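Q: My structure is below; once you've seen it, I'll send some questions.
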Amino acid sequence: MKLYVTPTSPYSRLAMIAMHDKGLADRIELVWTRTRQQGDPILKINPSGRIPFLMLGDGSGMEDTDLIVEYFDALALPRKYGAPDGEGYWQFRMFEATARSMLDGVSVWAREIKRPVADQSSEVIEHERNRAKRLADYFENNIRDAVFEGDWNKPQLLLFCALDLERRVRDFDWRISRPGLSDWFRRLEKSAVAVASLPPIRI
């Protein structure tokens, strides 16, 4: 299998964390690429051009981070990324959805500031900055929930990769006045899985 990723994509980072967490690194070749370029070679295998993209041994492939993470989860049992049964189900899914909103929003912010300064939208940047601050406060108030303890799960994957975008968005100062969230992130950041998933180019 081949996993097509870029150094700057938080969704690529998420897929790589899951790959290492599930012990699949020796079965998957990482292919570092660049997207949004004319003649991008990935377009020959994935018409949408989205990454991460997982090429399977039979020549077929799949995009969408959630799908790839679920596939990795199924390759190495027992599964660990699905929502729990019973009373914890809706709480888990709520945190999962909110963490995804944070990741998607900060990703928009990161893409906007990458554009030429004259083309950047101050309204978009301010909107995503304010949304990120509200969500950082939300997770600071909820980070001691049992969902965020123990091994990696889907809400943790999403939240970690959202916060990790501080490497690209210098104004994303989520650590200020959020000691609980900062401690949680540092704990995961130092884990062997997170270290192994760092891209070769620090942005």
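Q: Does LEU67 satisfy the criteria of being farther than 30 Å from ARG131 by Cβ, part of a helix (DSSP H, G or I) and not assigned by TED's automatic domain parsing to the domain that holds VAL147?
A: When the stated conditions are applied, LEU67 does not pass them.
Q: What single numbered condition from (1) surrounded by 23 or more Cβ atoms within 10 Å (Cβ to Cβ); (2) touching a helix residue (DSSP H, G or I) at 6+ places or on another chain (Cβ under 7 Å) fails to hold for SER12?
A: Failing condition for SER12: (2).
Q: Would you check if there is a residue in the stretch 82-101 being in contact (Cβ under 8 Å) with a residue 12 or more places away in the chain and outside any helix (DSSP H, G or I)? Full working, then the answer.
A: Here is the first cut: in the stretch 82-101, the residues in contact (Cβ under 8 Å) with a residue 12 or more places away in the chain are 82-83, 88, 91-92, 95-96, 98-101.
Among the residues that remain, those that are also outside any helix (DSSP H, G or I) are: 82-83.
Yes: the stretch 82-101 contains one or more residues that are in contact (Cβ under 8 Å) with a residue 12 or more places away in the chain and outside any helix (DSSP H, G or I).
Q: Output yes when any residue across the stretch 34-44 is assigned to a strand (DSSP E or B) and over 26 Å from ALA192 (Cβ atoms), and no when none is.
A: No: zero hits.
Per-residue answers, yes or no, for (1) outside the structural domain of PHE95 (by TED's automatic domain parsing); (2) part of a helix (DSSP H, G or I); (3) aliphatic (A, V, I, L, M); (4) over 16 Å from the mean Cα position of the chain (by Cα):
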position: ILE125; (1), (2), (3), (4): no, yes, yes, yes
position: GLY150; (1), (2), (3), (4): no, no, no, yes
position: LEU157; (1), (2), (3), (4): no, yes, yes, no
position: PHE160; (1), (2), (3), (4): no, yes, no, no
position: VAL169; (1), (2), (3), (4): no, no, yes, no
position: LEU198; (1), (2), (3), (4): yes, no, yes, no
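Q: Another one. Between TYR71, TYR81, which is closer than 25 Å to LEU3 by Cα, hydroxyl-bearing (Ser, Thr, Tyr) and crowded, with 19+ Cβ neighbours inside 10 Å? Please lay out each step first, then the result.
A: Details: TYR71 fails: crowded, with 19+ Cβ neighbours inside 10 Å.
On inspection, the qualifying residue turns out to be TYR81.
Q: Which residue out of ARG186, ARG202 is modelled with pLDDT under 95 and either part of a helix (DSSP H, G or I) or not assigned by TED's automatic domain parsing to the domain that holds ALA25 (or both)?
A: Values: ARG186 fails: modelled with pLDDT under 95.
The unique qualifying residue is ARG202.
Residue-wise test of (1) surrounded by 14 or more Cβ atoms within 10 Å (Cβ to Cβ); (2) free of Cβ contacts under 8 Å to residues at least 12 places away in the same chain; (3) of a type in the set (Phe, Trp, Tyr).
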| site | (1), (2), (3) |
| --- | --- |
| ILE113 | yes, no, no |
| VAL117 | no, yes, no |
| VAL147 | yes, no, no |
| LEU165 | yes, no, no |
| TRP184 | yes, no, yes |
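Q: Follow-up question, since we're still on this one. Filter the stretch 30-83 down to residues that are within 16 Å of the chain's Cα centre (by Cα) and charged (D, E, K, R) and give me whichever is modelled with the lowest pLDDT.
A: ARG50
This table checks each residue for (1) within 15 Å of ALA15 (Cα to Cα); (2) of a type in the set (Ser, Thr, Tyr).
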| residue | (1), (2) |
| --- | --- |
| THR35 | no, yes |
| PHE53 | yes, no |
| TYR81 | yes, yes |
| GLN91 | no, no |
| GLN120 | no, no |
| GLU123 | no, no |
| GLU126 | no, no |
| ALA136 | no, no |
| ASP145 | no, no |
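The values are calculated or read from the model by the stated rules, or taken from the named source; none is laboratory data. Bear in mind the structure is a predicted one, so any value in this text is a computation, not a measurement. So basically every Cβ, Gly included, is an ideal-geometry build from the backbone, and we count neighbours across all protein chains shown.
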